[in-house]
Each structure stands twice: as structure tokens, then as C-alpha cells.
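Written out below as C-alpha cells is the structure these notes cover.
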Amino acid sequence: MMPAYKAAGALVTPAKVGNAKSKPIERYFGTLNKNYANFFDNWSGFGVTSKKSLQPNSDAIEVLKRQFPDEDSCRRQMEFIINAERAKKRDEYVKLWESMPEEHRLLMSDEQYLLAFGEETGYKNTLEGSGLKIKLLGMRRTYDCFDTNFRKYGHVRWNVRYDRTDLTKVLAINEDGSLRFVLEEKYVQPMAKIEQTAEDRAQFSRISKHNKALEAEVKERIAEAQDTTDRLIKRHPELGKTLARILISDSKGQHKKHLQDQRRNIDNIDAVDVTVVNRNFSTVTQQAEDNLSDLY
């Protein structure tokens, strides 16, 4: 519960160990047990250390055990309890919220909300050229981010948290939670220009501005890389030679030969086909043998 309380409030003061009376959650669980849970056939009691008179009847459990719900039905029981409690207290909650001074109200960001209350997809996603392609509620959706730092982590596999009531935004989190990005669903433009609305043009303008800013950032990074390279070559002049830093071979597949020739200050010599030399040598030898046989 600590992450949820940290997201909902500015300060959190956890109860001290051993001070059960200062733990409102424990007391509230007791209220839920008395008002709701003990009316279900699968209720397991208040706890193994509580009085026997507060535990469910073992004979009744034996008779009803075949009627116990499965996991999905248990989830629906908990949802019923939560919704029933919310319905009873909603009017009081709204009244208290309206009476709260404006300066004391805290607005949760999309990141905090999805981190605290978002559902997980159960699998990880890898960044593609078009963004993160995520399957949510049986449909494949594409999400991306206007934060240029997101594209720097193309090697990361992302966990995704989402709100099933609003799929326009999701939260991408890396394995240890040190990286978090709020992603937006890709906006689909109409194919025909005549069908464009004011919202379509606004979205198109937004993407164009982002791309121009991204282009300027990439140019800046390239200039920094060039400056770093120039300084490195000044410290190590040998790196300024193409053959020293890039393995470029000639049409005959030679690379080291050219480096050796440069060190020896000799001209490049064309490679000789050994097969042709051997063939010519054999021909000359055969002719010499024929001439000797004619003499003798």
C-alpha cells in the first residue's frame, strides 16, 4: 500500500511495529469481515489465532465445500464488497472533497496514477520504429512518446501499466523501475486532406514541431561526436589515416599489404597470378624437353 499512499498524499507516516491500534487498515478489514465476507459460503474466518467461536462451522464448510467459487468468482466477490462500500460512502466523500481548501488538493500526474493503480499487461515489449506495439483488451495498439530521451533506450524491454477505462495513455517501466515514460496512443490521420478537422491539423502541427526539434537535437549530437573525434585524432595522428581506422580492402581483398607498403615506402605492386606463372613454366619446360629429344 505504500506506493499508493505516496502517490495519493504528499506525506506518509507509517505505523510503528507493535502498535496495532494505530493501523486503520487492520481495523477496517475487521469491519469488512463482519459486514460482508462472513456472509459468503467460502469465508475462512477472522484468523487462526482468533477465538473458536469466531471461526466458521467446520461441518457447514464440509457440506458447502463443493460450492466454493473459483478464482474469477472470488475476484467478483471482492469487487462486490469494494463497490458496495464505495456506494455507501460516495456522497460523504464528495461533500468532504468539495469543502477542502483548493491549496490542500493534490492532483496526481498520469505517471503517478498509472504507477499506483494501473494494470499490468503481464509481458514485456520492445521498442520498434513506430513505437511500442501493445496488445490491450484483445486489440493491438501503438504508443509513442514526445520525450526524445525515450528513443535512447531502444535496447530496453518495457513493462506496461494501463487503465482499461482510458487507453489513450500508458506507462512504460523498465525492469528495476529506474526509467518511466508516459506514452500516448498514436494519432491516426485521415487519408484524404479534405477530411481533416481542426484537431487533425493541430496534431499534425504538434508532430511536425517535435520532428524539427528532434532533427536539431540529432544535428547537435553529430556535431558533438565530430568534435570528440577531431580531438581524439589530434592526440593520436595515426587515426587520421583512413587505412589505420577503417578496414577498407582493395579489389583484391588486400588491406594490411597497403599499410606495409606505406611503412616500407615502396610502390604498390600488382599481384601476379601464380597459376598463370606455373602454366607458362610448364610449357617452357616441355618445349625444352622436346628440343633435347630431337637432338638425340
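Summary table
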quantity	calculated
Simple label model, 7 Å out from Cα along Cβ direction - Ser50 to Gln196, nm	6.5
Tally of Lys pairs whose C-alpha atoms are under 20 Å apart, taken over the stretch 109-206, 8 or more apart or cross-chain	12
Asp176 - accessible surface, heavy atoms, 1.4 Å probe, Å² rounded to 10	120
Förster radius 45 Å - calculated FRET efficiency between Gln77 and Asn174, Cβ distance, rounded to 0.05	0.80
Under 30 Å from the Cα of Lys34 - lysines, other chains or at least 8 residues apart	Lys6, Lys16, Lys21, Lys23, Lys51, Lys52, Lys65, Lys88, Lys89, Lys95
Computed FRET value (nearest 0.05) for Leu64 with Lys186, which takes r as the C-beta separation and R₀ as 41 Å	0.20
His210-Thr121 FRET efficiency (beta carbon distance; Förster radius 22 Å; 0.05 resolution)	0.25
Length released on extending from Leu137 to Asn19, taking residue separation times 0.36 nm less the Cα-Cα span	38.2 nm
Percent of alpha-carbon pairs separated by more than 18 Å within the stretch 1-109	68
Segments 253-260, 53-60 sorted - mean Cβ within 10 Å per residue, highest first	253-260, 53-60
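The values are calculated or read from the model by the stated rules, or taken from the named source; none is laboratory data. Bear in mind that the values here come from a model prediction, so they are computed numbers and not experimental data. As a convention, Cβ positions derive from the backbone with ideal geometry for all residues, glycine included, and neighbour counts pool all protein chains shown. With ligands, DNA and RNA removed, areas are computed over all heavy atoms of the protein, side chains included. Shrake-Rupley method; radii C 1.70, N 1.55, O 1.52, S 1.80 Å.
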